[in-house]
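Each reported figure results from applying straightforward, stated rules to the coordinates on display, with no laboratory input. Please read these numbers as outputs of a predicted model, since none were measured by experiment. For neighbour counting, all protein chains shown are included, and Cβ atoms are generated from backbone atoms with ideal geometry for every residue, glycine included.
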Amino acid sequence: MFKLVTHNRHKFEEIRKIVPDLEMLDMEYPEIQADTLEEVVEFSLNYLSDRIDGDFIIDDSGLFIEALNGFPGVYSAYVFRTIGNDGILALLRGVENRRAYFKTVIGIRFQGVNYKLVGICHGIIAEEPRGTNGFGYDPIFIPEGFEKTFAEMSTEEKNRISHRGKAVRKLAAFMDRFYPR
Ligand code: ITT
């Protein structure tokens, strides 16, 4: 069974819907400042490999807003804690271009080697928060082709189209290859 290292239970629940053979290892780890999620994941995998026995997985995600040149991006966790969804909406007040995307990079440490799997979901930032499902920026993100925010969808609906859902389906394929059932 793979361990997912996270202190975000929502993430774990989303991933477990697609990959049931997963255990949550609730552990905080430092995230370096870097320009890309891939660099952050690479550093975290190496950092954690000295502290965890055996194979494990991490998920680093971010929201990239076009009119803000990709902000909050790699700083999404800090920005969510500080200004939150209301702060993002305030930054975008009166801004016509609402395009944004979510990106997930799943990092896998498997038999001493690092792997990265990526998933992206394009959409727009809503005018006001809507919905109570999900977590984080879900109430202000409307995926392409939908009217609803992620927070107005069930976990299954979100997983079908989300950044994380896409990355985790690649993870499921990876596991099937290395752990055939
Ligand atoms: P870890 O312990 O796994 O690092 P975290 O919540 O810090 O948990 P991230 O750094 O990956 O996770 O997430 C960055 C921010 O983006 C954080 O505030 C999340 O709430 C938010 N976020 C991540 N995935 C999201 C999703 O699918 N929908 C909405 N917000 C999301």
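So which chymotrypsin sites (Phe, Trp or Tyr not before Pro) in region 138-171 pass both tests, a DSSP loop state and at most 16 other Cβ atoms within 10 Å of the Cβ?
Numbers: sites: 141, 146, 150; in loops: 146.
Sparse-neighbourhood loop chymotrypsin sites (Phe, Trp or Tyr not before Pro): 146.
At 0.36 nm per residue, and after removing the present C-alpha to C-alpha distance, how many nm does the segment from residue 148 to residue 135 gain when stretched out fully? If you can, show how the numbers build up before the last one.
Numbers: separation 13, 0.36 × 13 = 4.68 nm, distance 1.48 nm.
That works out to 3.2 nm of additional length.
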Kirkwood-based Rg/Rh on the Cα set of region 40-181 evaluates to 1.02
Extension length gain for residue 156 and residue 7 (0.36 nm per residue less Cα distance), in nm, is 51.5 nm
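Can you check how the C-alpha radius of gyration of region 1-117 compares to 2.2 N^0.38 Å, as a plain ratio? Let's see the in-between values first.
Details: Rg = 15.6 Å, N = 117, 2.2 N^0.38 = 13.4 Å.
Here the answer is 1.16, to two decimals.
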Per-residue Cβ contact counts at 10 Å, fewest first, order 35, 138 as 35, 138
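Within 10 Å of each residue's Cβ, count the other Cβ atoms and sort 29, 179 from fewest upward. Write out the running numbers ahead of the final one.
Values: 29 15, 179 12.
Listing 29, 179 from fewest to most nearby Cβ atoms yields 179, 29.
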